[in-house]
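The values are calculated or read from the model by the stated rules, or taken from the named source; none is laboratory data. Everything numeric in this text was worked out from a predicted model, so none of it was measured. Glycine also receives a Cβ, built like all others from the backbone with ideal geometry; neighbour counts cover every protein chain displayed. The area values use the complete protein model at the heavy-atom level, side chains included, leaving out ligands, DNA and RNA. Shrake-Rupley method; radii C 1.70, N 1.55, O 1.52, S 1.80 Å.
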Amino acid sequence: MNGIALILRVLRDGETELAEGLLATGQRHRAEHEIFHVSTDLAQWSREHAQRIAEAIEREDHARPEEASGPHSDLVPRSQNREPRPERACSQPALLLLRDLRDLHLGASANSLYWEMLAQAAQARTDTRLLSLVSACHPQTVRQMRWTNTMIKSLAPQLLTNL
Amino acid sequence: MDPSTDRIAHPWGGRTPYAPHEPWPVRVDTHLADGVRTGEVQRWVQAASLLHSDGDAMDIAVKDDRIVGVRGRAGDRVNHGRLGPKDLFGWQANASPDRLTRPLIRRQGRLVEVDWPTAMGAVVAQSKELLDEQGPGSIGFYTSGQLFLEEYYTLAVMARAGIGTNHLDGNTRLCTATAGEALKQSFGCDGQPGTYDDIDHADVIALFGHNIAETQPVQWMRMLDRLAGTEPPRLLCVDPRPTPVARAASIHLAPRSGTNVALLNALLHEIIRTGRTDPAFIAAHTVGYEELTENVKDCTPAWASSICDVPAARIGEAAELVGSAERLLSTVLQGVYQSHQATAAAVQINNLHLIRGMLGRPGAGVLQMNGQPTAQNTRECGANGDLPGFRNWENDEHVADLAEVWNVEPGSIPHYAPPTPAMQMFRYAEQGSIRMLWISGTNPAVSLPELSRMRSILAQDRLFVVTQDLFLTETAQLADVVLPAATWGEKTGTFTNADRTVHLSDKAVEPPGDSRPDLDIFLDYAARMGFRDKDGGPLVHWADPESAFEAWKHCSAGRPCDYTGLTYRQLRGSTGIQWPCNEQAPNGTARLYTHGITWAHPDVCESYGKDLITGAADSVVEYRSLNPDGKATIRPGEYLPPHEVPSEDYPFQLTTGRTLYHFHTRTKTGRVPQLNAAAPEVWVEISANDAVELRLDEGDLVEVATPRGAIRGRLRVTGIRPGLLFVPFHYGYWDTPGGYRPEADTTGRAANETTITDWDPVSKQPVFKTAAAKLTCIESSDGRVSPAPTTTASAPVEGSHLPPTSGGVPAHSTQEVDRETEVNG
C-alpha cells in the first residue's frame with residue numbers, strides 16, 4: 001500500500017471518530033446548549049470529510065488495485081484509539097465537560113496534522129484532485145480546533161474556580 | 001390633515017409627503033389626559049421615548065406635579081415632532097396604582113415591606129459573604145435596555161472593577177447583540193455607520209427581518225411620507241409575515257424561517273455575477289472579497305429557492321433591485337438577529353453594502369437596528385458584555401487604558417475571557433456557580449426562552465435574586481429582594497438611540513413612595529460595599545447624573561463613541577446630537593466611514609473577529625495578517641440548516657415577535673388603557689392555506705405546543721407564509737391569577753413557554769424564530785374573534801369583515817403640520 005492510501009485510511013477513521021466524539025459530547029452535555037448545538041453542527045463537517053475521504057480511497061484503490069489489500073494500521077498507529085469513558089468516571093460534570101472538550105481538541109489536532117501530511121504528499125505527487133480535497137476539508141478541521149479552544153478558554157475560569 | 005386622530009386606529013397618523021433630498025416636514029403630535037387643555041399645562045419638561053429604539057424626542061406635560069401628557073419636539077432631528085402610539089399613551093403607566101413604593105424582602109417565603117437600609121443591608125451582606133466564600137465569579141448582573149447611560153456606566157464600573165466579575169450583561173443580548181457583533185465583524189468596531197436621515201435620500205430601502213412599521217413607527221412614518229411624495233424609494237421586504245412593510249414593498253420575499261444566510265448568499269451571488277459591484281471601493285476599503293466570491297459561487301437563486309421556499313425568479317428580482325440602487329439603505333432587526341445564524345446573516349448585509357460601495361454618503365447606509373431604546377448605551381458603557389468605550393478585552397493596552405481611567409490595576413478588571421453573555425449566566429446560575437443575580441429593569445421570567453426552565457433557575461434556594469423594577473413583575477415575584485425603582489419622567493439622564501443620537505431626559509415629577517432612581521440605588525450599593533481605587537479613593541466618585549455623565553465622557557475620550565463635546569446644557573437644546581461629538585466634530589457626526597474605515601486597525605479595533613459559524617475567536621496574529629491596514633473585513637458565511645426543523649410530530653415552524661402596541665413584556669404598556677385594549681391577549685397567527693386544510697377559523701381557541709411547553713390563544717388567519725405560526729412574545733402572567741406562571745393545570749400564554757434554548761454562537765443572541773410546533777384546536781370560535789390587532793402584521797385576510805382595531809375618543813391625539821420650525825440635522 002502506498003503512503004497516501006495509508007494516511008487516507010487513518011484520516012477517514014479519525015474524522016469518523018471525531019464526528020462520533022462531537023455527537024457524544026453534545027449528547028452528554030445537552031444542558032450546555034451552545035456545546036450541544038455547535039458540536040452537532042460540527043459533527044456534520046467531519047461526517048462529510050469521512051465520506052469524501054472514502055471516495056478518495058476508492059479512487060486510490062482503483063488506481064493501484066494491487067496495493068489495496070496491503071497492511072496499513074500497523075504502520076501508522078491510530079491516534080484516537082480510546083475506549084469511551086463511562087460518565088461516572090468523572091464526579092464533576094464541569095470537569096467532564098472540560099475533559100471532553102480537550103479530547104475533541106486533540107482529535108481535531110491529530111486530524112489536522114494528517115491533512116497537513118496529505119497536502120504535502122499531494123503536492124509532491126502533483127495530485128490536484130487530492131489537493132482540492134485537502135483544501136476543502138482542512139480549513140474546517142482547523143475551525144473545529146479553534147472552537148474547542150475558544151470554548152475551553154471561555155468556560156475554564158468559571159468552571160475551575162467554582163468547584 | 002385631520003388635527004385630531006384616533007392613533008390606535010391610525011397608528012402612523014396623517015401623511016406629509018416629501019421628495020428625495022428635501023427635509024422631512026415637521027408634524028407635532030400631542031396627547032393630553034382627558035380634560036386637560038394645552039393652556040393648563042404648567043410646564044413642559046424635555047425627554048425622549050424609552051419605548052423603542054427611535055428615541056423620539058418629546059416634552060412631558062406637567063400639571064399639579066403630575067404627568068398629564070406628551071408632545072413631540074418639533075425641532076428634533078429624529079422625529080421632527082412625531083410620536084408613535086406607545087409614545088403618545090405609554091406615560092400613563094407611571095401613575096399606575098400598583099407601582100412598587102417600598103423595598104421588599106423575602107421572609108418565610110413571602111415578600112414583605114422593609115426600609116431601604118434593611119434591603120440594601122441584605123444585598124450587601126450577601127455580596128460580601130459570596131466574595132469571601134467563592135469570589136467574584138459567584139455574582140452576576142443582568143440589566144436592561146431601559147436605564148440611562150449614567151446608570152449603565154456606573155453599573156459597569158461597579159461590576160467590573162468593584163466586584164471584579166466577568167458576569168454583566170443586558171437584555172440587549174435579546175435585541176441588539178447581533179447588531180453590535182455584526183458591526184464589529186465588518187468594521188472592527190461597534191457603531192452605527194448610517195443615520196435616519198438616509199431615509200430622506202435613499203432610492204432603494206431594503207428591510208431585512210425588520211417590521212419597522214411596528215418596531216420604530218416614527219421612522220416608518222418617514223418612509224410612508226417618502227412613498228407618498230415624488231420619486232418615492234422602492235422597498236425590498238424580507239419577512240415571512242404580511243407586515244405593513246411587506247404591503248408597501250415593491251418586492252416581498254417570505255423565506256422559510258432560519259434561511260436568511262442562504263437568501264443573502266444568493267443575493268450576493270447575483271450581484272457579483274451581474275457585475276454590480278464597486279471594484280474601486282472594494283480595493284480601497286476592504287479585505288476578503290475573494291473569499292466571499294468563492295463562498296457564494298454556487299449560491300444561485302435556484303439553489304436558495306429550494307432552501308428558502310421562495311421562487312428563484314423573485315430572488316433574482318430582489319438582487320436586481322438592490323444591485324441597481326444608486327443610494328441603498330438597508331435596515332435589519334429581529335427577523336435576522338433572533339433567527340438561526342444571526343451574525344452570519346447580518347454580516348452578509350454589511351457585505352452587500354461593502355461590495356456595492358454603499359456607505360458613508362447620504363442615502364447609502366446600513367442601519368443595524370436595536371429593539372430596545374438605550375441598547376446603544378449598554379454597548380458603549382460595557383454593561384452588555386463588552387468593555388466600556390468599545391475597548392478590546394483581548395488588547396492589553398486597551399485594558400491598561402481603561403484601568404488608568406478608573407485608577408485601578410489592570411489585573412483587577414477581568415479580561416481573561418470574553419465577558420459572560422446572559423444565557424450563559426443563567427446556565428451558571430442553574431449549575432450553582434453563580435449564586436447571586438442582580439436583575440435591573442428587565443423580566444427574564446417572561447422574556448427568555450423555555451420559561452419553565454427560567455422559573456426553576458430563578459426559584460432555586462441557593463440563588464439569591466435581587467430585582468430592581470417599577471412593578472412586581474413575574475421575575476420580581478421570584479426574587480429575594482425587590483428594590484422599587486423610579487423611571488422615565490421621574491429621574492434625569494441621557495440615552496442614545498439606534499442612530500447614535502444622544503438625548504437628555506429630565507425629571508418631570510417625583511417618583512412614588514420610597515422608590516429611587518436606578519443611579520441612586522447603584523451609588524448606594526457602591527458606597528456600602530466600599531469599592532476603592534488603587535489609591536484608596538472611592539472607585540465610584542460621582543454623586544448625581546451630571547457628574548456620572550462627566551465621568552463617562554472621560555472614559556469615552558478618544559474612543560469611537562466620543563462624548564467629550566457634549567454637555568447637559570447643550571443637550572437641553574432643540575435637538576439630539578449624534579456621537580462622536582468632540583473638538584473635531586462639535587455638532588456631532590451624522591455618518592461614520594465617510595472617508596474610509598477608521599476603527600478596524602489591529603491596534604484600535606474592538607474585536608479581532610470570530611468564526612461566523614462556530615463563534616471561535618480569531619487571534620490578533622490572524623487579524624493582523626488578514627487586515628494589516630485596518631480595512632473593512634468582508635466575512636463570508638456558509639448556510640447551515642436550523643437546529644430544530646418541522647417533523648411529523650411538530651409539523652409547523654413557530655416564530656415569535658413584537659406588536660406595535662406593546663413593549664417588552666407589557667410591564668408598562670399592559671397598564672396603559674389604550675395600548676392594552678388594542679392588543680389585550682396573546683393570539684396565534686396561521687396562514688389561510690393551513691387554516692383551510694385544518695378546517696380552522698378565525699377566533700378558534702388553539703394550543704401551540706413544542707417539546708418545551710405549550711400556550712393557548714385564539715387564532716387569527718392572515719397572509720403569513722404557509723407552514724409558519726406566529727405568536728407575539730409580550731404576554732406573561734402578572735395580570736392573571738397565576739401571578740408569575742400559568743395557573744396550576746392550565747396552559748400558559750407566554751410565547752417563551754415554547755421557544756428553544758439555543759443562541760447564535762457568534763453574538764450569543766437567543767434564537768426565538770425557529771422552533772418546531774404542533775397545533776391543536778381546543779374549541780371552535782363560536783363567533784368570537786381573535787384579540788389580534790387588525791391594523792398591523794396580524795391584519796386578517798381580505799374579506800374577513802372583522803371589527804377594526806380602534807381606540808375611540810380616549811385615543812384621540814392631535815397632529816399639527818408645522819412649516820415654520822427648522823430641524824437641525
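List of remarks:
- Cross-link reach list, lysines versus B:LYS128, counting only Cα pairs under 24 Å and skipping chain neighbours closer than eight places: B:LYS534
- Neighbours of B:ILE577 by Cβ distance under 11 Å: Lys/Arg scored +1, Asp/Glu scored -1, total +1.
- Selection from B:TRP24, B:PRO560, B:PHE187, by position along the positive dipole direction of the protein assembly as shown (Cβ): B:TRP24
- Under the convention that each Lys and Arg Cβ holds +1 and each Asp and Glu Cβ holds -1, the size of the dipole of the protein assembly as shown around its Cα centre is about 480 debye.
- Rounded, prolate or oblate (a/c below 1.5 giving rounded, otherwise prolate when a/b exceeds b/c) for the stretch B:496-642 by Cα gyration tensor: prolate
- Exercise: per-residue mean of other protein chain Cβ atoms within 10 Å, A:27-37: 4
- For the stretch B:617-695, the square roots of the Cα gyration tensor eigenvalues, ordered a ≥ b ≥ c, give a/c of at least 1.5 with a/b no greater than b/c, which places it in the oblate category.
- Annotation: per residue accessible area for the stretch B:549-684 equals 37 Å², rounded to a whole number [probe 1.4 Å, protein chains only].
- Taking amide H positions as modeled 1.01 Å from N, with prolines and chain starts lacking one, the residues under 5 Å from B:GLN46 and 5 or more places away or on another chain are B:ILE60, B:ASP506.
- Surface per residue (accessible, 1.4 Å probe) for the stretch B:305-367, Å²: 20
- Calculated from backbone phi, Karplus (6.51, -1.76, 1.60) coupling profile of the stretch B:310-326 in Hz, x at Gly/Pro: 10, x, 4, 4, 5, 5, x, 5, 5, 5, 4, 5, 6, x, 9, 5, 8
- Of the residues in the stretch B:612-632, those shielded by at least 20 Å² of accessible area once partner protein chains are present, compared with the chain alone at a 1.4 Å probe, are B:ILE613, B:THR614, B:ALA616, B:ALA617, B:GLU622.
- Here chain B has 49 percent of its accessible surface on carbon and sulfur atoms, given a 1.4 Å probe and all protein chains in place.
- Buried area at the B:A interface is about 2300 square angstrom, summed over both chains, from accessible surfaces computed with a 1.4 angstrom probe.
- Amide H contacts under 5 Å for B:ASP818, placed H, 5+ residues apart: B:VAL26, B:ARG27, B:VAL28
- Cross-link reach list, lysines versus B:LYS668, counting only Cα pairs under 16 Å and skipping chain neighbours closer than eight places: B:LYS86
- From phi via Karplus (6.51, -1.76, 1.60), per-residue ³J(HN,Hα) for the stretch B:255-271 in Hz, x at Gly/Pro: x, 4, 4, x, 10, 4, 5, 4, 4, 5, 5, 5, 4, 5, 4, 5, 5
- Taking amide H positions as modeled 1.01 Å from N, with prolines and chain starts lacking one, the residues under 5 Å from B:ASP533 and 5 or more places away or on another chain are B:LEU539.
- Contact order relative to length of chain B, as percent, for alpha carbon pairs under 8 angstrom and 6 or more apart: 21
- About its Cα centre, chain B has a charge dipole of approximately 700 debye under the convention of +1 per Lys or Arg Cβ and -1 per Asp or Glu Cβ, with nothing else charged.
- The listed peptides B:497-510, B:176-189, ordered by packing as a protection proxy, come out as B:176-189, B:497-510 (highest mean of other Cβ atoms within 10 Å first).
- Note on A:136-147: average number of Cβ atoms from other chains within 10 Å of each residue's Cβ is 2.
- Taking a ≥ b ≥ c as the square roots of the eigenvalues of the alpha-carbon gyration tensor, the stretch B:1-102 is classed prolate because a/c is 1.5 or more and a/b outweighs b/c.
- Relative contact order of the stretch B:592-736, pairs being alpha-carbon contacts under 8 Å that are 6 or more residues apart, as %: 23
- The loop-placed chymotrypsin sites (Phe, Trp or Tyr not before Pro) in the stretch B:334-429, going by DSSP, that have at most 15 neighbouring Cβ atoms within 10 Å of their Cβ come out as B:TYR416.
- Chain B: calculated mean residue ellipticity at 222 nm from DSSP helix runs of at least 4, using -39500 (n - 2.57): -7500 deg cm²/dmol
- The 1.4 Å probe gives accessible areas that order B:HIS812, B:HIS285, B:HIS541, largest first, as B:HIS541, B:HIS812, B:HIS285.
- Among B:PHE281, B:TYR142, A:VAL134 - extreme Cα towards positive end, dipole of the protein assembly as shown, charges at beta-carbon: B:TYR142
- Backbone geometry of the stretch A:51-56 corresponds, through the Karplus equation with coefficients 6.51, -1.76 and 1.60 at θ = phi - 60°, to 3J(HN,Hα) couplings of 4, 5, 5, 4, 5, 5 Hz, x marking Gly and Pro.
- Heavy-atom accessible area, 1.4 Å probe, ligands and nucleic acids excluded: residues of the stretch B:639-658 down by at least 40 Å² from chain alone: B:LEU640, B:HIS643
- Positive-pole candidate from B:GLY13, B:SER447, B:PRO761, dipole of chain B, charges at beta carbon: B:GLY13
- Packing, as the average of other Cβ atoms within 10 Å across residues, places the peptides B:198-205, B:577-584, B:160-167 in the order B:160-167, B:198-205, B:577-584, highest first.
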